[in-house]
Every structure is written in C-alpha cells, then in structure tokens.
1. Quick one: which residues, 5+ away or cross-chain, put their amide H under 5 Å from the amide H of R625? H built at 1.01 Å from N.
2. In segment 448-506, if the dipole is taken from +1 on Lys/Arg beta carbons and -1 on Asp/Glu beta carbons about the Cα centre, which of F499, Q476, L464 is farthest to the positive end?
3. Which ³J(HN,Hα) values, rounded to whole Hz and listed in residue order, are derived for segment 633-640 from phi using the Karplus coefficients 6.51, -1.76 and 1.60 in 6.51 cos²θ - 1.76 cosθ + 1.60 with θ = phi - 60°, glycine and proline given as x?
4. Mind putting a number on the dipole of segment 531-599 about its Cα centre? Charges go on the C-beta only, +1 for Lys and Arg and -1 for Asp and Glu, and I need it in Debye to the nearest 20.
5. Given a Förster distance of 35 Å, report the FRET efficiency between D374 and E439 from their Cβ-Cβ distance, rounded to the nearest 0.05.
6. Can you pull out the trypsin sites (Lys or Arg not before Pro) in segment 484-552 whose DSSP state is coil and whose Cβ has at most 12 other Cβ atoms within 10 Å?
7. List, in order, the whole-Hz ³J(HN,Hα) value for each residue of segment 447-460 obtained from phi through the Karplus relation with A = 6.51, B = -1.76, C = 1.60 and θ = phi - 60°; use x for Gly and Pro.
8. Please identify which residues in segment 432-457 have an amide N closer than 17 Å to a label point set 7 Å out from the Cα of D240, following the Cα→Cβ vector.
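All of the numbers you see were taken from the coordinates with simple rules; none came from a lab. Computed from a prediction, not measured in an experiment: that's the story for all the values here. Every residue, glycine among them, receives a Cβ derived from its backbone with ideal geometry; neighbour counts consider all protein chains shown.
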Amino acid sequence: MFTSRRLWLRACLSAGSLSLLAIPAVAQTLNIVTLESYDKTVSLSGELVGATNGQYQINTISGILSIDINDVSCAGDGCPPVEPDFVVGAEARLTSSDGTMNVTGKLMDIVDDQYVLDNAALGSIRVDIQMVDCSGEGCPSGLRFAEKSATASIATPPNEPEAISEDAVELVEPEVISENAAEVVAPELFLENTAEPAESEVIPKNASELANPANASVSFAGSDTVGLGLLPFLLEDYADSLDASAITTVISETETLVNYVDSNESELSSAYVNATGSGDATDALEAKTAVFGMTSRPMNDDEASRLIATGTSDLRFSDYETVIAVDSLAVVANPANPIRELSIEELGAIYLGIIDNWSQVGGLDAPITVLSRDDGSSTRSVFENVVFAGQELPLAQSVTYPGGDNPEMAAAVKADPHAIGYVGFAYSEGLTRLDLTSECGITSTATSFAVKTEEYPLGRRLYLYNRPDNTPEPAQRFLEYVLSPEADDAIAQSNFVNFAVERTEQGTARTNSLYDGLDLQSAVQLRLANQMRVDLSLWDRLSTTIRFNTASSRLGNKELNDIDRLVSSLSESPLSTRLMVVGFADDVGAFENNLLLSQRRSETVADVIRSVASDRAPNVQIDTRSFSELSPSVCNTDANGRAINRRVEIWIRN
C-alpha cells in the first residue's frame with residue numbers, strides 16, 4: 001500500500017510541470033478549480049476553500065496550499081467572480097518593467113489575463129497582464145478577483161496540522177536542541193593564493209632602513225593565506241578610500257609595510273603585515289603586538305580562552321570576529337571531456353588509482369591523466385582533507401605533478417583532453433568545473449553562487465579578529481572599508497570570493513530531490529514539500545544566506561553585515577519586489593520541532609531586514625516561509641554539515 005501510494009504521488013508530480021490532484025471521491029461535490037501559472041509550468045487542481053489576503057487557498061490531497069492570486073489563472077466553477085473594477089474606455093498607460101514598452105490608449109477589456117487596449121496608432125492591441133504595469137483612470141484598482149467573505153465555508157482537510165504559535169516556539173526550543181555547542185560552520189582549510197596585486201610602488205629595503213613597524217597605524221598578524229594572498233589587494237585598494245597613494249615596502253618573505261601618503265607626500269596612515277600562519281594570530285592578539293589577527297579558520301576554544309584570560313571578551317560570534325571573504329578550490333577537467341559531475345567517492349578513487357579510465361565513471365574510453373600539487377602544498381592539503389575525509393592516503397604512482405601553482409595546473413588541464421586537476425576558483429575559467437556529489441546523494445554545483453552560500457564542499461571563510469580594548473580609529477575605518485561593497489573588486493582580483501549579492505533561478509535538481517527521504521505518511525511533511533515545490537518554480541534565490549550558531553537564533557556580525565549588503569542591493573527595486581525569508585533546520589530532533597525552530601529563525605531574519613529596509617528599500621514586501629529539515633544543502637552526517645543546514649535563505653520575485 002505504501003509503495004503504490006509513493007509511485008502514484010511521483011506520477012502526479014512528474015518533472016516539467018506540477019499537478020496536485022484532489023481526492024477523486026469528493027471531487028464531484030466540491031468547488032473544484034484548476035490554478036495554472038502563466039508560463040504553464042505549474043498546474044494545481046483541487047477544492048478552492050478561500051481567496052483572502054491576495055492568495056488562493058486550495059485543498060489538495062496533501063493539505064491546503066497558498067498561491068498568490070496574481071501568479072495564476074483560475075478555471076472552474078469554484079473560481080471567484082471577475083470584478084469589473086476597471087473603467088471601460090478610460091485612458092490607461094501600460095509600461096514594462098525594463099522600459100521597452102510604454103503605450104497609452106483606452107482600456108476596452110481584460111480578457112484571458114490580457115489587457116485589451118485601443119491605441120490611436122496601433123489600433124486594438126493585447127498585452128499580458130504579468131508583463132506590464134497599468135497606470136491611469138482605466139486601470140484596475142486592485143485584484144481582479146473578488147475575495148470570498150469571512151463567512152464563506154472553508155473546509156479543513158483531514159489531519160491538517162494546527163497553526164504554530166510563537167509561544168510554542170519559546171517553550172519547545174530548549175527541549176529539542178541537541179546540537180553540540182562546539183560545532184562550527186567552516187572546516188579548517190588552508191588555501192594558497194598566487195595572484196599578483198595591482199601594480200604599486202614596491203620598494204624592497206632592509207628593516208633597518210624603515211620606520212619602526214611597531215609604530216604603524218594598523219597591524220596584522222597570522223594567516224599567510226590572508227596576509228599574502230588577500231590583504232595586499234585590500235591595502236592597495238584602500239588607498240582610494242583615503243584619497244592617498246600606497247607605498248609598499250617588502251621587509252621579508254612574511255613582512256610588509258604599507259605607507260599611505262597624500263599628494264604632498266605627507267604620511268596619512270600605515271599598515272604593517274606579518275603573515276606566518278593562523279596559529280600566530282592568537283599570540284599577537286594576546287600580547288597586543290597586532291591589532292588584527294588573521295586566520296583561515298574559526299578561532300578554537302583554547303585560543304578564545306587564552307584571550308579571555310588576558311581581560312578581553314570571547315571574540316567569537318561577536319562584533320570582533322569579521323569574515324572578510326570566502327575561498328574555494330574547483331575540481332576541473334578539459335572542456336572536451338563530456339563528464340560534468342563526479343561523486344566525492346569517485347574523485348578519491350581516481351586519485352588513488354582505483355579508477356584509471358574515464359569510461360568507469362560514464363565517460364569516454366580513455367586513460368585519466370591525474371594532476372596534483374607537489375607534496376607539502378597547502379592547496380593539496382585542502383583537497384585531500386575533503387576528498388579523503390581527513391585521512392592521509394598515498395596517491396597513485398601514475399599521478400602527474402605539473403609543478404608551480406594555479407596557472408601551471410590550469411594550463412596542464414587545458415593541454416590534455418583527458419586530464420583532471422584542481423585549482424583556485426578564479427583559475428577555473430575556460431575549464432569544466434565538475435559538480436561534486438556527496439555520500440548522501442546531494443550534488444553541489446561548482447559556481448561562485450554555491451561558494452558564496454557556503455554549499456560547495458571545497459570552500460571556507462577567511463577571518464579578521466580584533467580586541468575591543470585594542471582597536472584604534474584607523475583600524476575601525478579599515479574594517480568599515482573591508483565590509484563595504486568598495487572592497488568587492490579588490491577581493492575578486494585576489495582570486496577570492498566576495499559577498500556581492502548574486503541571483504539565480506532555483507534548479508529542477510532541487511525540486512526533484514524534495515521527496516527523497518520524505519515520510520509520505522506524514523501530512524505535515526507532505527504538505528510542506530508540495531508547498532515548497534510550488535514556491536521553487538516561482539521564486540529566484542539570492543546568494544545571501546544567513547546561518548545560526550548552535551541552538552541559537554541570534555545573528556552574528558557577518559550575518560548582520562550580509563543583511564546590510566542585501567538591503568543596499570534592493571534600494572532601487574521596483575514596487576513589485578517581494579522577498580521570501582525561508583527558514584530551514586538540520587535533522588536533529590523531531591521534524592515538527594525543527595519546523596518550529598526554522599520558523600523562529602526566519603521570523604528573526606525577516607524582522608531585521610524589515611527594520612534595516614524601512615527607509616532604504618521601502619518598495620520591498622517581506623514575507624516568511626519555514627520548511628524544517630526539507631531540502632538540506634549538504635549531508636547531515638557531521639557537525640559541519642548540520643551547521644550549514646541550519647540556515648535562512650532569501651528568495652526574490654519582481
């Protein structure tokens with residue numbers, strides 16, 4: 001019985017269009033309607049039980065779904081009557097959102113979801129309602145469909161879950177959270193970066209010839225990935241913010257001094273960088289020999305405790321922990337290779353020599369040319385840590401080592417149609433980035449969007465830490481610059497990934513995987529999955545993704561800054577812009593309890609966005625959805641995966 005029901009459901013939810021059918025036994029006596037999106041990709045049939053607040057409520061086999069009235073056409077005896085709320089023969093102007101259409105005339109009718117306009121030059125023309133805005137005396141005053149009155153009979157389907165109250169959230173949350181407080185979001189990875197910063201005046205000198213670096217306005221110590229790979233670009237670009245020129249002096253392989261001078265060559269400020277390793281960041285902060293500690297991983301418990309013992313607060317998850325960029329590798333193949341995806345297990349087997357022909361993974365019958373970095377390379381360490389799950393395993397003897405860094409590896413892959421390798425994300429242009437499928441079957445796409453959302457397995461955050469009792473005004477100014485869109489170009493030039501907001505359509509792969517692992521006997525899970533399937537077809541996703549610390553609904557410094565960037569990107573949005581703030585949870589605990597927690601988190605984020613956007617993006621309407629543990633971004637098999645899945649996504653329509 002369970003199997004046949006599952007097959008029947010999947011047949012109804014076939015790829016390409018969505019069709020949710022009402023129970024046949026009651027279809028003859030209820031007000032059955034069909035709601036269809038204007039692009040024909042979504043079709044829902046069932047009993048229309050309400051049309052309020054601009055949404056249809058349709059009762060399907062899995063419960064009541066809410067669909068925006070303006071998104072779909074309604075067919076059937078149960079549809080609300082069409083209101084004659086436009087003035088026949090009155091003037092109207094139809095304008096497309098992109099400005100390519102601007103036509104005026106007399107509005108004669110609204111037929112088949114099209115305006116019928118009588119234009120003096122063109123005669124009678126028809127324009128889709130969804131394509132244009134209508135202004136003028138003849139235009140409809142609001143929704144074309146009369147909403148059912150509050151006294152209308154609204155049926156409640158069997159087993160429909162009760163509404164969730166905020167009070168219930170407060171009571172349930174402490175009991176259901178069993179996540180380990182020591183869990184962290186980002187793995188401890190370490191990447192090389194070999195890009196050259198923008199050309200500047202570089203004056204190699206002996207340390208004795210320099211002004212004392214200890215007198216620098218701002219000082220940095222710690223990670224060489226940050227200090228040598230990213231910071232030179234930021235410090236060079238920061239000169240523009242100061243209306244100054246940057247003079248860079250190389251003291252040693254790890255030490256750099258940057259002096260900022262005005263047009264009269266008077267010094268305005270200076271920065272000293274000592275880039276050795278992430279472990280040295282805490283030492284410098286502890287001794288106050290540096291203002292900023294640079295790390296390519298989150299600060300651990302021991303390091304935080306050491307700093308607390310010196311009289312400062314716990315810097316983690318506070319205003320004194322700043323995520324400045326995201327780093328990632330990409331697994332790449334030659335563009336002539338038809339392979340587009342590998343599982344992480346297959347990738348490991350290729351590097352161990354267990355798989356040595358592309359035909360073994362669905363490709364051509366050709367030997368695989370396996371390329372890797374030399375022993376001791378930090379990039380190789382990152383790659384093997386993810387692919388071999390932290391184990392130290394010997395690579396196959398057939399592996400080739402092209403030497404050099406990212407450019408040499410990229411060139412070697414381009415030169416060999418059967419090669420596979422890995423490079424810094426920015427060096428993958430012109431190559432095929434391979435999507436990676438995890439042990440639980442979730443595929444991560446190799447895009448900058450996936451890196452920004454932290455859902456690609458070969459990525460990590462880069463940090464600056466500073467003490468509240470040792471942050472001079474020049475350091476605060478630099479932080480403001482780093483967190484602003486002004487720094488985006490410099491971060492991109494350094495081959496790291498910035499936090500500029502990107503937008504993407506939600507793919508069919510995500511829709512098709514919604515029902516994997518779903519308990520089809522659960523009315524709650526089935527209803528939410530069906531609702532999410534509809535929403536995915538109508539909303540795009542933004543790269544802004546908010547994550548929470550374990551058992552918490554408090555927003556951290558990075559998350560607040562991400563929201564600020566989001567609102568800035570929406571400041572000139574048209575009136576029709578809508579945001580959906582969508583909450584998710586990991587799979588620890590009961591599904592219903594996780595739904596409560598994801599709801600609370602989505603409301604927390606929505607409230608902050610509303611507050612920030614009230615005067616900066618007043619045209620944006622903000623709503624919320626919660627989907628509990630549905631649609632995980634990564635596997636829930638370890639602490640890092642669960643932390644990534646505790647998230648709030650931002651969806652958009654306009």
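1. Under 5 Å from the amide H of R625 lie the amide H atoms of V581, V582, G583, each far enough along the sequence or on another chain.
2. L464
3. After applying 6.51 cos²θ - 1.76 cosθ + 1.60, I find 6, 9, 5, 8, 7, 9, 4, 5 Hz.
4. Values: 7 positive and 9 negative charges, 17 e Å.
With Lys and Arg at +1 and Asp and Glu at -1, about 80 debye.
5. 0.75
6. Answer in residue order: no site qualifies.
7. 10, 4, 4, 5, 5, 5, 7, 6, 10, 9, x, 9, x, 7
8. No residue passes the distance filter.
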